[in-house]
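Below: one structure, written as structure tokens.
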Amino acid sequence: MKRIVSLVAFLSFAFNFFASNPVLDNPDNSPFWGVRVGYDWSLPGKWDTPVGDDIDLFKSGPGVSISGIYNLPVIANLFFEPGLTFYYDQYAYKDLLITNEQGGIIDKDPKVIKYGLRIPLVFGYRFDFSDRFSVSLFTGPQIGYAFSGKIKFKNKDKMEEPLPEELFGDYGQRRFNIDWNIGSSFEVDYHWQFSIIGSLGLNDIQKNSINFKENRVTFALGYNF
């Protein structure tokens with residue numbers, strides 16, 4: 001009986017603490033719109049081959065993204081934040097040499113360039129430490145679709161037989177991908193926000209027997225209206 005009374009007392013204290021603590025339950029919560037400008041750093045994974053050998057075919061590369069978000073309070077400082085992101089990202093092949101019949105090098109490490117949209121659907125919790133500063137932690141899925149993808153060669157005119165430039169050919173990559181986002185943000189004066197987001201690729205985006213996933217880190221500066 002004493003344990004039950006103690007448990008009830010503890011739960012009552014915890015409820016009152018959460019309900020009366022603006023760090024965890026801010027009474028001024030309300031929905032808002034926001035915009036974000038991000039610097040993407042693509043981290044392509046290795047090619048996982050059917051025979052079990054991993055091929056480190058790509059190296060990382062930069063990109064940019066522009067997002068609009070809607071932040072919807074759920075309960076206390078828990079929120080749901082869907083968004084729409086347009087991106088332009090690139091990375092490059094690693095140690096890939098393209099030669100002519102005489103063995104001369106005519107190109108090296110062509111770039112992979114993509115642009116498209118992503119739809120993040122994340123849940124998070126905000127800690128309002130003061131009227132001027134808060135920290136949020138969030139996670140959730142992100143759906144992506146590439147409008148265009150190209151392999152960019154520097155010296156295409158010097159090739160004896162042109163290589164395919166379309167990234168989404170019969171044996172190329174898929175346009176559709178799913179990521180899982182994990183991130184944190186720092187908010188000043190309820191308006192300015194800086195975010196760090198890690199995106200882990202969940203699905204295989206290579207059409208052939210190779211298993212290949214893309215990962216990413218994004219540093220974003222935002223403004224909330």
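We did not get these values from a lab; they are worked out from the coordinates using the rules stated. Computed from a prediction, not measured in an experiment: that's the story for all the values here. A quick note on method: Cβ atoms are made from the backbone with ideal geometry, for glycine too, and the neighbour counts reach across all protein chains shown.
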## Note on the structure
With only helices counted (DSSP H, runs n ≥ 4, each -39500 (n - 2.57)), the per-residue ellipticity at 222 nm for the chain, to the nearest 500, works out to -3000 deg cm²/dmol
### Query
Using the reciprocal of the averaged 1/r over all distinct C-alpha pairs, how large is the Kirkwood radius of segment 61-168 in Å?
17.3
### Message
Please list, ordered by chain and number, the residues whose modelled amide H lies under 5 Å from the amide H of LEU43; skip anything fewer than 5 residues away on the same chain.
### Response
ASN215, ARG216, VAL217
### Query
Counting alpha carbon pairs within less than 8 Å and at least 6 residues apart, what relative contact order, in whole percent, applies to segment 47-109?
29
### Query
How many angstrom separate the Cα center of segment 141-206 from the Cα center of segment 115-138?
22
### Query
From the backbone phi of segment 55-62, what are the Karplus-calculated ³J(HN,Hα) couplings (6.51 cos²θ - 1.76 cosθ + 1.60, θ = phi - 60°) in whole Hz, Gly and Pro given as x?
10, 7, 8, 10, 10, 5, x, x
### Message
Amide H of LEU57 versus every other amide H placed in the peptide plane: which residues, excluding those fewer than 5 positions away on the same chain, fall under 5 Å?
### Response
TRP47
## Note on the structure
Karplus ³J(HN,Hα) for segment 39-52 (6.51 cos²θ - 1.76 cosθ + 1.60, θ = phi - 60°; Hz, whole; x = Gly/Pro) runs 9, 8, 10, 6, 10, x, x, 7, 6, 9, 8, x, 8, x
### Query
Excluding GLN173 itself, what net charge comes from residues whose Cβ is under 12 Å from its Cβ, given Lys and Arg +1 and Asp and Glu -1?
+2
### Query
Which of the lysines could a cross-linker span from LYS150 if the Cα-Cα distance has to be under 29 Å and same-chain partners fewer than 8 positions apart are dropped?
LYS46, LYS59, LYS94, LYS108, LYS111, LYS114, LYS158, LYS207, LYS213
### Query
Which of the listed residues, LEU117, ASN224, LEU167, is farthest toward the dipole's positive end in the chain, when Lys, Arg count +1 and Asp, Glu count -1 at the beta-carbon?
ASN224
### Summary
Expected max-MSF residue from LYS207, LYS108, LYS158 in the GNM of the chain (alpha carbon, under 10 Å) is LYS158
### Query
Which of these, ILE205, ILE75, ILE197, has the largest mean-square fluctuation under a Gaussian network model of the chain (Cα springs below 10 Å)?
ILE75
### Message
Over the chain, with a Gaussian network built from C-alpha contacts below 10 Å, which listed residue (VAL74, VAL112, VAL35) shows the highest mean-square fluctuation?
### Response
VAL74
### Message
Quick query: amide H of GLY116 versus all other amide H atoms, modeled in the peptide plane; which residues come in under 5 Å with a sequence gap of 5 or more or a different chain?
### Response
TYR87, PHE147
### Summary
HN-Hα couplings for segment 66-71 via Karplus (6.51, -1.76, 1.60; θ = phi - 60°), in whole Hz with x for Gly/Pro, come out as 10, 10, x, 10, 10, 9
### Message
Once you keep just the Cα pairs under 8 angstrom separated by 6 or more residues, what percentage relative contact order results for the chain?
### Response
20
